[in-house]
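S.K.: The structure under discussion is supplied below as structure tokens; questions concerning it will follow.
Each value in this text was obtained by applying a stated rule to the coordinates, not by laboratory testing. In this text the structure is predicted, and so the values were computed from the model without any measurement. No Cβ is skipped: glycine too gets one built from the backbone with ideal geometry, and neighbour counts run over all protein chains shown.
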Amino acid sequence: MKSKLSKITAILLTVFFTLGLAACGKSAESTGAAASKAETKVDKIKKAGKIVLGTSGDYPPYEFHKSVDGKDTIVGFDVEIAKEIAKDLGVKLEVKEMDFKGLLGALQSGNVDFVLAGMTPTEERKQSVDFSNVYYTAVQKVVVRTEDNDKIKAVSDLKGKAVGVQKGAIQETIAKEQMPDSEAKALGKVSDIALALKTKKIDSAIIEEPVAKSYVNANSEFKISDIVLKTEDAGSAVAVNKGNKELIDQVNKTLDRLTKDKAIEKLVTDATNSVEN
Ligand code: ARG
């Protein structure tokens, strides 16, 4: 009797032990699977040794083309901030340029890892991508031809006239809402807008102040008009694909560091001074 009982106990013990071990094995396996599934965007970037920036190089001093050591390069304070982000991640920075309108799609398709393009974190954009904290803020200005500046003092002076805005940018909405009596012309690049203004295809353009100043400084044919637009400040933030939480945390860490050191202000001044006139 006793031996029968201990035999049963032994069998039961073995069964429990085996099941227990099997369960252990299983759970170890599943944690392994979970770990590889949970490879974050930051892990991928580190593995690749590079982070790919998407930007639109028509926006001095944020990002613009400049010949560096005889080579056409995209420079500007957005690019400098992107370099700091790459540095903190311990990877190289690769820059891909496209029209502003294509940037969100490039993020979503994984063609670029992050975007710095003076991009304002609007509610509409937040539906499709995630944003960092705002790292810089500017207001909107209306640029006109110098010869017309005396005649254009208010929005009403642009009635029936063409106003240039960048395709896919907030300026498109601002024109619609605040200059409904003007004809909004959306163009792909801010440099196209400047050319259209010069060649009288349009009569004015809504451009963010630092960019407006850069174009005005480089072209005596342009002036910033006295028109005051009712827009709240347009902030710029870094955009990443939805769900890349670790990457946004990293980006915000770098931005915090640069803000604390007042480094961003310096980068903006340096970039502004390096725009070729
Ligand atoms: N801040 C505006 C927006 O987010 C315009 C940005 C345009 N940027 C550029 N690199 N062209 O819509």
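S.K.: Using the beta-carbon distance between SER128 and LYS50 and R0 = 22 Å, what value does 1/(1 + (r/R0)^6) give for FRET efficiency, to the nearest 0.05?
M.R.: 0.35
S.K.: Sort ILE174, ILE81 by Cβ crowding within 10 Å, fewest neighbours at the top.
M.R.: Neighbour counts put them in this order, fewest first: ILE174, ILE81.
S.K.: Sort out for me the Cα centre separation of the stretch 89-131 from the stretch 40-67, rounded to whole Å.
M.R.: 9
S.K.: Same structure again: Once R0 is set to 22 Å, what does the formula 1/(1 + (r/R0)^6) return for the Cβ-Cβ distance between ASN111 and SER191, expressed as a FRET efficiency to the nearest 0.05?
M.R.: For R0 = 22 Å, the calculated efficiency reads 0.45.
S.K.: Now for a separate question. For every helix of n ≥ 4 consecutive DSSP H residues, a contribution of -39,500 (n - 2.57) applies; sum these over the chain, divide by its total residues, and give [θ] at 222 nm rounded to the nearest 500 deg cm²/dmol.
M.R.: After summing the helix terms and dividing by residue count, I get -14000 deg cm²/dmol.
S.K.: For Cα pairs less than 8 Å apart in space and 6+ apart in sequence, what is the mean separation divided by the residue count of the chain, i.e. the relative contact order in percent?
M.R.: 25
S.K.: What residues have an amide H closer than 5 Å to that of LYS92, excluding those fewer than 5 places away on the same chain, when H is modeled at 1.01 Å from N in the peptide plane?
M.R.: Residues meeting the criterion, in which the H sits 1.01 Å from N, are LYS50, ILE51.
S.K.: If amide hydrogens are placed 1.01 Å from N in the peptide plane, which non-local residues have theirs closer than 5 Å to the one on THR73?
M.R.: LYS66, SER67, VAL68
S.K.: Using the Karplus equation 6.51 cos²θ - 1.76 cosθ + 1.60 (θ = phi - 60°), what ³J(HN,Hα) coupling, rounded to whole Hz, does each residue of the stretch 150-155 give in order, writing x for Gly and Pro?
M.R.: Each residue's phi maps through the Karplus curve to give 5, 8, 10, 10, 9, 3 Hz.
S.K.: I need to check one value: relative contact order of the stretch 173-270, counting alpha carbon pairs closer than 8 Å and at least 6 residues apart, in percent.
M.R.: Over the stretch 173-270, the number comes to 16 percent.
S.K.: For the stretch 34-141, just say rounded, prolate or oblate: build the C-alpha gyration tensor, square-root its eigenvalues into a ≥ b ≥ c, call rounded for a/c under 1.5, and beyond that prolate if a/b exceeds b/c, oblate if not.
M.R.: Verdict is oblate for the stretch 34-141.
S.K.: Now for a different question. Which whole-Hz ³J(HN,Hα) couplings does the stretch 199-208 yield from phi under the Karplus relation 6.51 cos²θ - 1.76 cosθ + 1.60, θ = phi - 60°, glycine and proline marked x?
M.R.: Couplings: 8, 6, 7, 9, 10, 7, 8, 8, 9, 4 Hz.
S.K.: Let me understand the stretch 92-176 better: what is its radius of gyration from the alpha carbons, and its Dmax, in angstrom?
M.R.: When restricted to the Cα atoms of the stretch 92-176, Rg and Dmax are 16.5, 50 Å.
S.K.: Compute the distance in nm between two label points, each set 7 Å from the Cα along the Cα-to-Cβ direction, one at ALA38 and one at LYS71.
M.R.: 4.0
S.K.: In addition: For the chain, what class follows from the C-alpha gyration tensor (a ≥ b ≥ c being the square roots of its eigenvalues): rounded when a/c is under 1.5, otherwise prolate if a/b is larger than b/c, else oblate?
M.R.: Cα axes put the chain in the prolate bin.
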